[in-house]
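Worksheet for the structure shown next.
The values are calculated or read from the model by the stated rules, or taken from the named source; none is laboratory data. Please read all numbers here as calculations on a predicted model, not as lab measurements. Cβ sites come from the backbone with ideal geometry, for glycine too, and all protein chains shown count toward neighbours.
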Amino acid sequence: MPRIKSPVELEAFRKEILSRRDAAQPCITLCSGSACHATGSEKVAAALEQEIAKQGVAAEVAYRRTGCHGFCEQGPIVVIYPQGICYLKVQPEDIAEIISATIKEQQIIERLLYVDVNTGEKATTEEEIPFYKHQERLVLGANRKIDPKSLEDYLAVEGYQALVKALFAMTPEQVVGEVKNAKLRGRGGAGFPSGVKWDFARNAPGDKKYVVVNCDEGDPGAYMDRSVMEGNPFAVLEGLMIGAYAIGADEGYIYVRQEYPLAVANLAIAIKKAEESGLLGQNILGSGFDFTVKVHRGAGAFICGEETSLLNSLEGKPGEPNARPPFPATRGLWGKPTNINNVETWANIPLIINKGADFFSAIGTEGSKGTKIFSLVGKVNNTGLVEVPMGVSMRDIIFKIGGGVPGNKKFKAVQTGGPSGGCIPESLLDIKVDFDELTRAGAMMGSGGMIVMDEDTCLVDIARYFLAFLSDESCGKCTPCREGIRQMKKILTNITKGLGQEGDIELLQELAEATKGSSMCALGKTAPNPVLSTINHFRDEYEAHIRERRCPSLSCKALIAFIIDPQKCKGCGACFRKCPAEAITGGKKRIHVIEQEKCTKCGGCLEACPAAFGAVHKISGEPVPEAIPEESRSIG
Amino acid sequence: MSQIHLQVDGKNVAAEEGMTILEAARSVGVSIPTLCDHEKLAPYGACRICTVEADANGRTNLVAACQHPVENDLVVRTRTEKVDKIRKVLLEQMMAHAPDSEQISELAKIYGADRDRFEKEASFCILCGLCVRYCAEVKQKNAISFFDRGAKREIAFIPEIAVRECWDCKECFPLCPTSALQAAYVLTEALMTPPTPSGTCGGCSSK
């Protein structure tokens, strides 16, 4: 790696890299993000390397292991350029054929193509797949083009052009102005205007200032930041450096969850390569701008995603929040002015500087500009990472991109904004997804988690789940958060166990208001959201649990029972064999009966009963019928 | 230092920059209840009993008076329906842990808090952290600390330090708003298992 001392040298190096690359040459890319790693991309990679050598195509085929493509449930994903042929769920056994048929003979392997679950149509390229077709991947797009460990790959996709522009063609004030005009809002949750925040830090008195990347992504099911950090660490570094130049910082910290080993590894490589090539350190590109960066691994506390807790943790103190004001912009890390932004926010910066504030602010809605990455998970056909312009409707995200709810089930709600977000019901599906609309709907953008729930999901139980999560993850420093969550969780647990009482809903609301109103940090202030939004939109479910001891979703174990309809049971024994609790009595040609005292309500019998018989039922809120007498159990 | 002018419960207050709302209120004789505040300790903001309403820049916020700095033109209300309701619920939550604390019972009378509203989980401790912070900030011994987080958070003495420092000090006991007995209990428990000389096991071999 040559040491690059000026923008001219950087451009010359970029040209040299591009001159070595032929866009018409076949290139096999393999997604090597964490999700594809989990579905076996390592074995596929080994097979690829072996087969490329074995079939003697090493000279004519380029091969690249890239970051996360986002369509994670379909991994491992292999894309072959220049055609962009997309193969899904690729196994090591498929590789020989991919080389011999697709690379050598230009033949498409039909069985590895995407098949739309709703229409049965196949798609050959990523662009034709509905999941990708309706997205706009301004931030995530580079992930599938580059090897995150390769600085050359990043330079080949215009990497560090924004930094050069900022350092040599713009004053720090102009950079702040550009981010302000772009109207970028922080992607970490609160949605505060990033340019305004930068301005605070820039104008705060002090010679020493810091910039920090918040990669302590902790929402269950959310992995947007993880994928950006793993798949394109140079973009985050470039954004961070531009921010540092703008506010006058010469030192940065990247706070990454310990649970993201690949992000930590790829970042370490990116930092090392940037240092070796002179893109980090003293007098970067001869501009006189100095900047160094360190990676700090978080020790596994959700609360450290909150900025003041994160800074305390960086300083080696317990991860607990401080009161704001003073804000980190004036008194942050080690008492110095500090600008802290989320991974996705930083990754947007090179784009804004390269393409300009006007380009950026033309995308999105009045109050929310640009795109947002969501992690679409739960009861939805196409799960994965979705990047869309702000203002796309929730319905489009779930049904056009997500392909709707699997198994002919009915959509019930979507939880956005992580554990302290809210549930949005069917009636609000047409809202435009942006910071303000989601807040108005009683949910929030948060960092971009989106969990789809179908008719089988009990919303009281969902509220209980999130409160249990927050009860563990609250730091416990202030009373309303620690005790309020504890009491709300207790009440919700009782309701799901059939022990709810009249007045519980009102008590939950009272506790929620106190917790929201008087907690110190955002964790406590937003913790009641799951409770309030489910009461608001699904109050009837709460009332059914409390008044009728009935779970309308047939989900809360304490309130349901499995029974066998004696009229329909054919005595086949399928349920008997499946039951792990030996709760079913029966015998050949005898009507089977479930002993309720022994039943663990696992649902195995319901699954086992042949559809043609349909003898097993799940009931709630009604008494279990008296078991049919022994003497009448004989069939035929 | 420039003067800052604000209003607390309708009274005009001239405060110094850097003062908290609590200090400004006290300077004009307005009392705001506190449980985790102590003159010798840095504001901590744990009990939230001092929550007040404050209008600034056209917005009304609920803030902790012990931590929130004074600002020009701030309008503070220390007793509103919202504030009283919050204090009531907070006291009720605390009484699940420390039902017999005199200080909390007195406040409960003022705010109409029901001692038995929530099921008792008598830990006696409301985690105000006075003992922890006094030991760290004033005595600089760090003999007592918080452990764990969330609903599992608790205080405990660190035996290795406590066995050296605590018997002759015990200054934290009278600070406790619930009962000094709690601190004594935790301390005693800690001292029951003194540190062992390095390299030997204090367990089965000690008898």
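Please specify each residue of the stretch B:89-112 satisfying the condition of being within 12 Å of another protein chain (Cβ to nearest Cβ) and either under 22 Å from A:Asn494 (Cβ atoms) or surrounded by fewer than 19 Cβ atoms within 10 Å (Cβ to Cβ) (or both). Residues satisfying the conditions are B:Val89, B:Leu90, B:Glu92, B:Gln93, B:Met94, B:Met95, B:Ala96, B:His97. B:Asn72 meets all of the listed conditions (1) in contact with a strand residue (DSSP E or B) (Cβ under 9 Å, 6 or more places away or on another chain); (2) buried (at least 16 other Cβ atoms within 10 Å of the Cβ); (3) more than 12 Å from every other protein chain (Cβ to nearest Cβ) but one, namely (2). Taking the conditions (1) at pLDDT 95 or above; (2) part of a helix (DSSP H, G or I) in turn, A:Pro76 satisfies each one other than (2). Within the option set A:Met488, A:Met520, being within 13 Å of chain B (Cβ to nearest Cβ) and farther than 30 Å from A:Ala561 by Cβ holds for one residue only, A:Met520.
Yes or no: A:Asn214 in contact (Cβ under 8 Å) with a residue 12 or more places away in the chain, buried (at least 21 other Cβ atoms within 10 Å of the Cβ), closer than 19 Å to A:Leu279 by Cβ and not assigned by TED's automatic domain parsing to the domain that holds A:Phe71? Before the answer, list the steps.
Values: in contact (Cβ under 8 Å) with a residue 12 or more places away in the chain: yes; buried (at least 21 other Cβ atoms within 10 Å of the Cβ): yes; closer than 19 Å to A:Leu279 by Cβ: no; not assigned by TED's automatic domain parsing to the domain that holds A:Phe71: yes.
Criteria not met by A:Asn214.
Within the stretch B:149-183, the residues that satisfy the criterion of being surrounded by fewer than 18 Cβ atoms within 10 Å (Cβ to Cβ) and modelled with pLDDT under 70 are B:Ala180, B:Leu181. Of all the listed residues (A:Ile28, A:Ile98, A:Ile77, A:Ile108), the sole one being surrounded by fewer than 22 Cβ atoms within 10 Å (Cβ to Cβ), in contact with a strand residue (DSSP E or B) (Cβ under 8 Å, 6 or more places away or on another chain) and of a type outside the set (S, T, N, Q) is A:Ile108.
Would you point out which residue out of A:Gly288, A:Gly239, A:Gly221 is more than 19 Å from A:Gly319 (Cβ to Cβ), part of a loop (DSSP other than H, G, I, E, B), touching a strand residue (DSSP E or B) at 6+ places or on another chain (Cβ under 9 Å) and not basic (Lys, Arg)?
On the way: A:Gly288 fails: touching a strand residue (DSSP E or B) at 6+ places or on another chain (Cβ under 9 Å); A:Gly239 fails: part of a loop (DSSP other than H, G, I, E, B).
Residue meeting the stated conditions: A:Gly221.
Determine, yes or no, whether A:Ala162 is outside the structural domain of A:Ala265 (by TED's automatic domain parsing), outside any loop (DSSP other than H, G, I, E, B) and crowded, with 18+ Cβ neighbours inside 10 Å. Walk me through how you get there before you give the answer.
Numbers: outside the structural domain of A:Ala265 (by TED's automatic domain parsing): no; outside any loop (DSSP other than H, G, I, E, B): yes; crowded, with 18+ Cβ neighbours inside 10 Å: yes.
Criteria not met by A:Ala162.
Could you say whether any residue in the stretch A:122-142 is buried (at least 18 other Cβ atoms within 10 Å of the Cβ), closer than 30 Å to A:Leu240 by Cα and of a type in the set (D, E, K, R)? So far as the stretch A:122-142 goes, yes, one or more of its residues are buried (at least 18 other Cβ atoms within 10 Å of the Cβ), closer than 30 Å to A:Leu240 by Cα and of a type in the set (D, E, K, R). Looking only at the stretch A:491-507, residues that are outside any loop (DSSP other than H, G, I, E, B) and either within 12 Å of chain B (Cβ to nearest Cβ) or surrounded by fewer than 24 Cβ atoms within 10 Å (Cβ to Cβ) (or both) come to 8 in all.
Could you please let me know if A:Asn381 is at pLDDT 95 or above, assigned to a helix (DSSP H, G or I), touching a helix residue (DSSP H, G or I) at 6+ places or on another chain (Cβ under 7 Å) and surrounded by fewer than 24 Cβ atoms within 10 Å (Cβ to Cβ)?
Working: at pLDDT 95 or above: yes; assigned to a helix (DSSP H, G or I): no; touching a helix residue (DSSP H, G or I) at 6+ places or on another chain (Cβ under 7 Å): yes; surrounded by fewer than 24 Cβ atoms within 10 Å (Cβ to Cβ): yes.
No.
Return the only residue of B:Thr20, B:Thr51 being among the polar types (S, T, N, Q), over 29 Å from A:Lys490 (Cα atoms) and within 14 Å of another protein chain (Cβ to nearest Cβ).
Only one candidate qualifies: B:Thr20.
Is there a residue in the stretch A:465-477 that is crowded, with 21+ Cβ neighbours inside 10 Å and away from every other protein chain (no Cβ under 11 Å)? Yes: one or more hits. Taking the stated definitions as given, is A:Met445 part of a strand (DSSP E or B) and more than 10 Å from chain B (Cβ to nearest Cβ)? No.
Output the number of residues of the stretch A:330-353 satisfying the condition of being more than 12 Å from A:Val213 (Cβ to Cβ), polar (S, T, N, Q) and part of a helix (DSSP H, G or I).
Initially, the stretch A:330-353 is screened for residues more than 12 Å from A:Val213 (Cβ to Cβ), giving A:330-337, A:348, A:350-353.
Then drop every residue that is not polar (S, T, N, Q), which leaves A:330, A:348.
Cutting the leftovers down to part of a helix (DSSP H, G or I) gives us A:348.
Residues that pass the stated criteria total 1.
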